[in-house]
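A.B. asks: One structure is given below, represented as structure tokens, and several questions about it will come after.
The values are calculated or read from the model by the stated rules, or taken from the named source; none is laboratory data. What you see is a predicted model, and the numbers here were worked out from it, not measured in a lab. Ideal geometry is used to build each Cβ from the backbone, glycine not excepted, and the neighbour counts take in all protein chains shown. The area values use the complete protein model at the heavy-atom level, side chains included, leaving out ligands, DNA and RNA. Shrake-Rupley method; radii C 1.70, N 1.55, O 1.52, S 1.80 Å.
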Amino acid sequence: MNLINREDNYILKRQKHTIGAIVKIKIDHEFQTYARILNNASYAFYDCRTKNDIKDLNLIASKPILFILSVYKSAITKGRWLKIGTLPLEEKLKSLPLTFIQDDLNPNIFQIYDPNTGEFRKALKEECLDLECASVWEAEHVEERLRDHYDGKPNVWVEQLRIKL
């Protein structure tokens, strides 16, 4: 079933979550970029903002990765991000990066989460500084983060999830 979301001009098409699939992400009314579906609800977001569709999946996969995040499956299953094709995952994308957790009640307590194994371990703040916060993102917030990246602006969601000193 296809639905039209008139507010965002998205054509919503139900899709299955397919590891290795490349998805097209509209980041505004002019530009789009691409991401790759990884294991454990994660996505690698490529640095490849463009006004035109890119048909060559290998060209997309050769672009640098801006960041890797976990995203709610509705981005795919409700068709907000359309799959354009699938490639086997490269070795570097088969292992997900570690993420951090900072205790809300005691901000001096940190953990590192390994999304590959599901294991947690205690950590020092210094070990967490260059890691993403362990979280699951809404598709709209990822799109906003991408827009802000290309506009050279700080992103409210990144700032909220940053380590509290």
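A.B. asks: Name, by its number, the condition in (1) assigned to a strand (DSSP E or B); (2) over 16 Å from the mean Cα position of the chain (by Cα) that does not hold for P107.
C.D. replies: The one condition P107 does not meet is (1).
A.B. asks: In this structure, does L146 turn out to be more than 19 Å from the chain's Cα centre (by Cα) and modelled with pLDDT of 95 or more? It would help to see each step written out before you state the result.
C.D. replies: Working: more than 19 Å from the chain's Cα centre (by Cα): no; modelled with pLDDT of 95 or more: yes.
It is false that L146 is more than 19 Å from the chain's Cα centre (by Cα) and modelled with pLDDT of 95 or more.
A.B. asks: Next question. What residue, among those in the range 98-108 that are open to solvent by less than 80 Å² (accessible area, probe 1.4 Å) and of a type outside the set (F, W, Y), is farthest from K63 (Cα to Cα)? Steps first, please.
C.D. replies: Start the filter on the range 98-108 by keeping residues that are open to solvent by less than 80 Å² (accessible area, probe 1.4 Å), which leaves 98-103, 106-107.
Add one more test, that the residue is of a type outside the set (F, W, Y), and what stays is 98-99, 101-103, 106-107.
Values: L98: 22, T99: 23, I101: 29, Q102: 32, D103: 35, N106: 39, P107: 36 Å.
Among those residues, the one meeting the criterion is N106.
A.B. asks: Tell me whether the range 113-134 contains one or more residues that are open to solvent by 70 Å² or more (accessible area, probe 1.4 Å), closer than 17 Å to R36 by Cβ and part of a strand (DSSP E or B).
C.D. replies: First, pick out the residues of the range 113-134 that are open to solvent by 70 Å² or more (accessible area, probe 1.4 Å): 117, 119-122, 124-127, 129-130.
Now drop any that are not closer than 17 Å to R36 by Cβ, which leaves none.
So far as the range 113-134 goes, no, none of its residues is open to solvent by 70 Å² or more (accessible area, probe 1.4 Å), closer than 17 Å to R36 by Cβ and part of a strand (DSSP E or B).
A.B. asks: Suppose we keep only residues that are among the polar types (S, T, N, Q) and surrounded by fewer than 17 Cβ atoms within 10 Å (Cβ to Cβ) within the range 65-81. Which one would you say is farthest from V158 (Cα to Cα)?
C.D. replies: T77
A.B. asks: Then there is this: Between a residue in the range 73-90 that is closer than 13 Å to H17 by Cβ and touching a residue at least 60 places away in the same chain (Cβ under 8 Å) and any residue that is aromatic (F, W, Y) and buried (at least 18 other Cβ atoms within 10 Å of the Cβ), which pairs come within a Cβ distance under 7 Å, given they are 6 or more apart or on different chains?
C.D. replies: Sorted first by the residue in the range 73-90, then by its partner, the pairs are A75/W81.
A.B. asks: Would you tally the residues in the range 20-64 being under 21 Å from E138 (Cα atoms), open to solvent by less than 70 Å² (accessible area, probe 1.4 Å) and either touching a residue at least 24 places away in the same chain (Cβ under 8 Å) or not in a strand (DSSP E or B) (or both)?
C.D. replies: Result for the range 20-64: 24.
A.B. asks: Hey, another quick one. What are the residues in the range 82-97 that are surrounded by 13 or more Cβ atoms within 10 Å (Cβ to Cβ) and closer than 13 Å to I65 by Cα, if any?
C.D. replies: Result: L93, L96, P97.
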